[in-house]
Amino acid sequence: MRRVRPGTASRGAGGASSRAAGEERALTSVAAGDRYEEPKDLPRLWHVTLSVSGREAPLKEVRRALEQLAHDHPFLLTSRYANDHAEIRYWEEARDLHDAAAVALRLWGEHRQSAGLPPWEIVGLEVIDRETYHQRIAEGYGPPPATPVGVHPY
């Protein structure tokens, strides 16, 4: 894989660099009063709620599987479960909503065997940004904060 320092590749036709190989990029300053804007592609935090359901499974097995998933992936905040459905809530760091949703949609299937999860299907997904999550909490609607953290029956 070829690594390119930021700003060294030309945006012109053909992608050819406008500088010779090894030539340093000139540094520029920001004028007083100019506003700094966050780059659009930096990762952000997304609150994910994944709902799954399917045929009944023994509660002890569901709990053990969710605990194993939480152990394997400590980013999980909380899980609620019954013998035929479960809800997993966690924070995901991703560039945009599409990336966070894609990871969430793979989570259950990719860890079904390693954690011993029931063969349930995903029946719901909510992905919201951090600001929206906190706004909902402040206004008194939306999911309550994930306390206590862990795996709990409904």
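Please report the accessible area of residue 154 (heavy atoms, 1.4 Å probe, ligands and nucleic acids excluded) in Å², nearest 10.
Roll a 1.4 Å probe over it and residue 154 shows about 120 Å².
Just reorder 129, 99 by solvent-accessible area, largest first, 1.4 Å probe, all chains present.
I get 99, 129, largest accessible area first.
Once R0 is set to 35 Å, what does the formula 1/(1 + (r/R0)^6) return for the Cβ-Cβ distance between residue 132 and residue 60, expressed as a FRET efficiency to the nearest 0.05?
Efficiency, from the Cβ-Cβ distance: 0.45.
If you count only protein heavy atoms with a 1.4 Å probe, what accessible area per residue comes out for region 41-134, rounded to a whole Å²?
I get 55 Å² per residue for region 41-134.
Taking the Cβ-Cβ separation of residue 139 and residue 110 as r and a Förster radius of 30 Å, what is the calculated FRET efficiency to the nearest 0.05?
According to the calculation, E is roughly 0.30.
Run the 1.4 Å probe and let me know the accessible area of residue 151, rounded to the nearest 10 Å².
Number for this one is 10 Å².
Starting from the coordinates of the alpha-carbon atoms of region 76-154, obtain the Kirkwood hydrodynamic radius over all distinct pairs and give the value in Å to one decimal. Please list the in-between numbers first.
Numbers: mean 1/r = 0.0719 Å⁻¹.
Hydrodynamic radius (Kirkwood, Cα only) of region 76-154 equals 13.9 Å.
Which of the trypsin sites (Lys or Arg not before Pro) across region 67-154 are loop residues per DSSP, with 14 or fewer other Cβ within 10 Å?
Those satisfying the criteria are 95.
The values are calculated or read from the model by the stated rules, or taken from the named source; none is laboratory data. These numbers come from a predicted model, not from an experiment. A quick note on method: Cβ atoms are made from the backbone with ideal geometry, for glycine too, and the neighbour counts reach across all protein chains shown. Side chains are part of the model used for accessible areas, which takes the heavy atoms of the whole protein and leaves out ligands, DNA and RNA. Shrake-Rupley method; radii C 1.70, N 1.55, O 1.52, S 1.80 Å.
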